[in-house]
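**Student:** Okay, handing you the structure first.
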Amino acid sequence: NREVMQTLLSDVIGVKQVTIFEDSHNFMERLKAIDPLPDFVFLDLIVEPYDGQTMLKMIRADAATSHLKVLIVSAGLVSSHVEKYRNLGFDGLITKPVDMMTFPAIVKRLEAGEHIWQTD
């Protein structure tokens, strides 16, 4: 999934800087070291040592990163999860596997300020 995201963001959509972390060790230090900060942070819910909800709390608690748009990219999510994650402060949700045909349009919608809650 990381390779698909990297290819889609870099090669298909043309994002100039894509940073993908394989785990969440030193998450905030690594995130804040990205210059410039990313427009979007895509988080999996199941990652170690910090899960996606914990990383979202870290992002929102830090003045330097609290404004970032944070989306879940995770498997096994259904429409009944949307309200829970919206209330936790996520800006959107995309289910895995990421659809290579629709993902570029989703990113364009994100760039336009939309919140995406895709569970299909």
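**Student:** May I have the pair-distance distribution P(r) for region 15-80, computed from all Cα-Cα distances with 5 Å bins from 0 and rounded to whole percent?
**Tutor:** 3, 16, 30, 28, 14, 6, 2, 0
**Student:** Still on this structure, please answer the following. Calculate what fraction, in whole %, of the accessible area of the chain sits on carbon and sulfur atoms when a 1.4 Å probe is rolled over the protein chains.
**Tutor:** The value for the chain is 51 percent carbon and sulfur by accessible area.
**Student:** Which of T7, Q53, L88 sits closest to the plus end of the dipole of the chain, meaning its Cα is farthest towards the positive end, when Lys and Arg get +1 and Asp and Glu get -1 on the C-beta?
**Tutor:** The residue sitting farthest along the positive end of the dipole is L88.
**Student:** May I pose another question? Considering only F40, V70, G113, whose Cα is most displaced toward the positive end of the charge dipole of the chain, charges sitting on Cβ of Lys, Arg (+1) and Asp, Glu (-1)?
**Tutor:** Positive-most Cα among the choices belongs to G113.
**Student:** Report the residue, chosen from P104, P49, P36, that carries the largest GNM mean-square fluctuation when the chain is represented by alpha-carbon nodes joined by springs under 10 Å.
**Tutor:** P36
**Student:** So, one more: Note the count of lysine pairs whose C-alpha atoms are less than 19 angstrom apart in the chain, limited to pairs 8 or more residues apart or on different chains.
**Tutor:** 12
**Student:** Given a 1.4 Å probe, how much area per residue of the chain is accessible, in Å²?
**Tutor:** Per residue, the chain has an accessible area of 58 Å².
**Student:** Express the Stokes-Einstein translational diffusion coefficient of region 59-105 in µm² s⁻¹, to the nearest whole number, given a Kirkwood radius over alpha-carbon pairs, 25 °C and a viscosity of 0.890 mPa s.
**Tutor:** 205
**Student:** Here is a further query. Could you list which residues have their amide H under 5 Å from that of S24, counting only those 5 or more apart in sequence or on another chain, with H placed in the peptide plane?
**Tutor:** For S24, whose amide H was placed from the backbone, the distant partners under 5 Å are E48, Y50.
**Student:** Let me ask something else. With 17 Å as the cut-off, how large is the P(r) tail for the chain, expressed as percent of Cα-Cα pairs?
**Tutor:** More than 17 Å apart: 55 percent of the Cα pairs in the chain.
**Student:** For the chain, give the magnitude of the charge dipole about the Cα centre (Cβ charges: +1 Lys/Arg, -1 Asp/Glu; no others), in debye to the nearest 20.
**Tutor:** Once rounded to the nearest 20, the dipole reads 260 debye.
The values are calculated or read from the model by the stated rules, or taken from the named source; none is laboratory data. Since we're looking at a predicted model, the values are computed, not measured. Counting neighbours? That spans all protein chains shown, and the Cβs are built from the backbone with ideal geometry, glycine included. Keep in mind that these areas ignore ligands, DNA and RNA; they rest on the heavy atoms of the full protein, side chains included. Shrake-Rupley method; radii C 1.70, N 1.55, O 1.52, S 1.80 Å.
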